[in-house]
Amino acid sequence: LAPPQVEGPSELPAGSMTTHVLNTVSGQPAAGLALRLARLQGPGPQWTELAQRVTDADGRCLPLLAPGQAAAGTYQLRFETAPYWQRLGHSSFYPYVEVVFSVTDPAQELHVPLLISPYSYTVYRGS
């Protein structure tokens, strides 16, 4: 027997940058979590904000960078976790989570998922 066909989200164009946030306490997507994307730029160096988003009911948001907008360099995703946990009635050890990563091939799709609880977080390079 052939494996069942699973329909998933449509493929994102090459060069896009996305994220997904999951609440590991509830096992559900983290809806309504604010985040920002910045890029390290010189001279200085300084962080330049590129995008602000809020996660939807599925813990996702619009792409952080559209295809063709990424450039090689160092980026930072800042997830505002304390307000999210406060809305759910929890305190949070981490007021925010900052993830700093390097882009070496801006033509590749980059997906940065975050798993959160009030006292821990995990981040990885997704696909």
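The values are calculated or read from the model by the stated rules, or taken from the named source; none is laboratory data. The structure presented is a predicted model; accordingly, all values stated were derived computationally and were not measured. Here the Cβ is made from the backbone with ideal geometry for all residues, glycine too, and neighbour counts use every protein chain on show. Calculation scope for accessible area: heavy atoms of the full protein, side chains included, ligands and nucleic acids excluded. Shrake-Rupley method; radii C 1.70, N 1.55, O 1.52, S 1.80 Å.
A few comments on the model shown:
- Residue-averaged [θ]222 nm for the chain, counting only DSSP H segments that reach four residues, each worth -39500 (n - 2.57): -1500 deg cm²/dmol
- Given the chain, longest segment not containing exposed loop GluC sites (Glu not before Pro) (DSSP; at most 13 other Cβ within 10 Å): 12-127
- Full extension of the chain between V100 and V54 yields a length gain of 14.7 nm, computed as 0.36 nm times the residue separation minus the alpha carbon distance.
- Scanning the chain for chymotrypsin sites (Phe, Trp or Tyr not before Pro) that sit in a DSSP loop and have at most 13 other Cβ atoms within 10 Å, the longest stretch containing none of them is 1-92.
- A simple spin-label model places pseudo-atoms 7 Å from Cα toward Cβ; at Q108 and S120 they are separated by 2.7 nm.
- Global form of the range 17-123, assessed from the alpha-carbon gyration tensor, a/c cut-off 1.5: prolate
- Förster-model FRET efficiency, 25 Å R0, T24 and Q76, C-beta, rounded to 0.05: 0.65
- For L50, residues with placed amide H under 5 Å, excluding near neighbours: L37, A38, R39
- Per residue accessible area of the range 17-123, 1.4 Å probe, in Å²: 52 Å²
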